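Written out below as structure tokens is the structure these notes cover.
No lab work stands behind these numbers, since they all come straight from the coordinates. All figures in this text were calculated on a predicted structure; none of them were measured in a lab.
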Amino acid sequence: MLSPLSSNVILSKARAMYGRRLKKQDYLNLMNCQSVTEIARYLKNQTDYAKTLAGVNESEVHRGQLEVQLKQKLFEDAASLCRYELSVGEHFAQYLISRSEIEQILHSLVLLQAGAPEEYLFVMPMYLNKHTHIDLTALSRIRSFDDLLDALSHTAYRRILEPFRPIPDMPMNYTGIENALYSYLYEGVFDTISRYTRGETTRELRHLFEYYMDLVNYVRIFRMKYHYKEGPDFIRSSLLPFGTVRKAQLDQLIFSESREDAFALLKTIPSGRRLLSTGYDYPDEAPEIFTLQECLHDIHFSTHPSVVMFAYVFILQFELHDITTIVEGVRYHLPAKQIEKLLITNNVWKG
């Protein structure tokens, strides 16, 4: 049980950090930059990323290196909150570490498939070395899937990945690997919520994560069924095994005859109605938009430190996602208006 002092510290710190977030004008200024150098310079001199980027030469920084530096702020902010959150702080910190580890594993797999695994060395997050049991340097030396398994020895990830050893002359099941890793991550999240939270805190956190899982599964069904024309078994194996939607309802969506039939079914499910409320026929970004909307509400109105802490970190994750999107857009000389449409925060800007 947290003391009133600890609770007030967490609530105050998280909301103060939130107050230093990028505002709409910052996003507009970033989108009008002409290069990665200009973006790095703006973030370093005009935003709360100044401390994180203090030692960075913005005229020489690579986009991948810039992304790594920015993610360091997420770790530092979360760590400062976890020190005061005595009920789930330690376990929440482990969630962040596990999420980062999974991102590194998937990134190394992408580079392996591209035939350039050694490039991982140039974007390796040094700050993560202090927290992870994975030998990150070994990820830059892999030349095969077996090498990756060896690099993950003595971690739970090896056991998760072993069933996905590639079959000769068959493509790697990257989708299956990604789903297995994130299922492991969220299993840990729900275990933490069940074991270390109570009452309204439990309800708010479960609502946030379960609705997110529902929306992720809806989007995967629509993408695989109507875009990639995948069969029911493959679709079902690609869904996260969490959420509020019953298996029978998911199967109805998978076997629906048309999008219209699927939309009619979604209207009967609370989280399905949330998906349709985005106003898009094919809203890939719906899970992130929903989560950001919920977190913006929670950071202002929740009185539960664990909820506010999660809310702040998720908001910062979406901010980092959008900065990365802007960097990519600027690199490929996309107009600012076109980049803006790709931003998660564009759907919920309040200034």
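Labels on offer are (1) 5, 23, 31, 24, 13, 3, 0; (2) 5, 22, 31, 30, 12, 1, 0; (3) 6, 28, 38, 24, 5, 0, and the one holding P(r) over Cα pairs in 10 Å bins from 0, in percent computed from this structure is (2).
Taking 16 Å as the straight-line reach from the Cα of Lys13, the aspartates and glutamates in range (excluding those fewer than 8 positions away in the same chain) are Asp48, Glu76, Asp77, Glu85, Asp298. What is the distance in Å between the Cα centroid of the stretch 222-252 and that of the stretch 122-144? What the calculation gives is 33 Å, centre to centre.
Applying 0.36 nm per residue to the separation of Arg21 and Leu276 and subtracting their alpha-carbon distance, the gain on full extension is 88.9 nm.
Extension gain, Val348 to Ser144: 0.36 nm times the residue separation minus the Cα-Cα distance gives 69.2 nm. With 21 Å as the limit, the listed pairs Lys24/Lys267; Lys229/Lys267; Lys24/Lys341; Lys44/Lys337; Lys23/Lys44; Lys225/Lys341 have Lys24/Lys267; Lys229/Lys267; Lys44/Lys337; Lys225/Lys341 beyond it between alpha carbons. Within the listed set Met213, Met124, Met172, the residue fluctuating most in the Gaussian network model of the chain (springs between alpha-carbon atoms under 10 angstrom) is Met172.
Potential lengthening of the chain between Gln46 and Ala156 amounts to 35.5 nm, from the contour at 0.36 nm per residue minus the alpha-carbon distance.
Once you reduce the stretch 18-88 and the stretch 280-351 to the center of their Cα atoms, the two points are 15 Å from each other. Whole-Hz Karplus values for the stretch 30-37 come out as 5, 5, 8, 5, 9, 7, 4, 4 Hz, taken residue by residue from phi with 6.51 cos²θ - 1.76 cosθ + 1.60 and θ = phi - 60°; glycine and proline positions read x.
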